[in-house]
Amino acid sequence: MSLISSPYGFIPSSSLSGEARPQRIPLGITNSLVTNIFKYQPVKMNPSTGTLLPVVSAADKIFGFFGGVEYTPLGGRPAVSPFWAGGTTYDPNFDMLVYYWPGWLDDVRVRVQADGPVPQTSLGGQFNITNATTGGALEIWPRERLENVIGG
């Protein structure tokens, strides 16, 4: 494990059935959502709207890991992006799809950086997320990483 902090989010690497494949939600982000969402960033479900929001605190329940979006901006051409730029307004008359990897499937293996050594006996346990933030304006990767083993 590298001792240099360079977090990259939660990258789904494989599952028991083979490759971890993203799923999609039509209209999965609220139009003009002002928050950035990065590829591989943990996301939660907004129960009142059925849309995704970034996980920003330890109290948030992870629904999955953001994979990207397809949308048409107002007056623009169709766009495909691994990143949701906060404040983007899409045209509701065209398809808008959000891709994510489910976080509830127990057969999906995820790569993530820890902020220190993780004992082998703790693998498969629960962890806290540090740096649960949406990053800065010039960043394209989330800052999340694991901290403190909770249980095993």
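Would you mention how many residues in segment 74-107 are farther than 12 Å from residue 32 by Cα and either more than 14 Å from the chain's Cα centre (by Cα) or acidic (Asp, Glu) (or both)?
The total comes to 14.
Please verify whether residue 105 is at pLDDT below 90 and in contact with a strand residue (DSSP E or B) (Cβ under 9 Å, 6 or more places away or on another chain), treating the condition exactly as stated.
yes
Collect the residues in segment 118-152 that are farther than 25 Å from residue 15 by Cβ and either among the basic types (Lys, Arg) or at pLDDT 75 or above (or both), keeping them in residue-number order.
143
Have a look at 57, 48 and point out the one that is at pLDDT 90 or above and of a type in the set (Gly, Ala, Ser).
From the options 57, 48, the qualifying one is 48.
If I filter segment 14-35 down to residues being loosely packed, with under 11 Cβ neighbours inside 10 Å and outside any loop (DSSP other than H, G, I, E, B), which single residue comes out as modelled with the highest pLDDT?
The extreme case among them is 26.
Considering 48, 17, which residue is out of contact with any helix residue (DSSP H, G or I) (no Cβ under 6 Å at 6 or more places or on another chain) and touching a residue at least 12 places away in the same chain (Cβ under 8 Å)?
17
Can you give me the number of residues within segment 91-125 that are within 18 Å of residue 50 (Cα to Cα) and in contact (Cβ under 8 Å) with a residue 60 or more places away in the chain?
Residues flagged as within 18 Å of residue 50 (Cα to Cα) and in contact (Cβ under 8 Å) with a residue 60 or more places away in the chain within segment 91-125 amount to 10.
The values are calculated or read from the model by the stated rules, or taken from the named source; none is laboratory data. Note that the structure is predicted; figures quoted are calculated from it, not measured. So basically every Cβ, Gly included, is an ideal-geometry build from the backbone, and we count neighbours across all protein chains shown.
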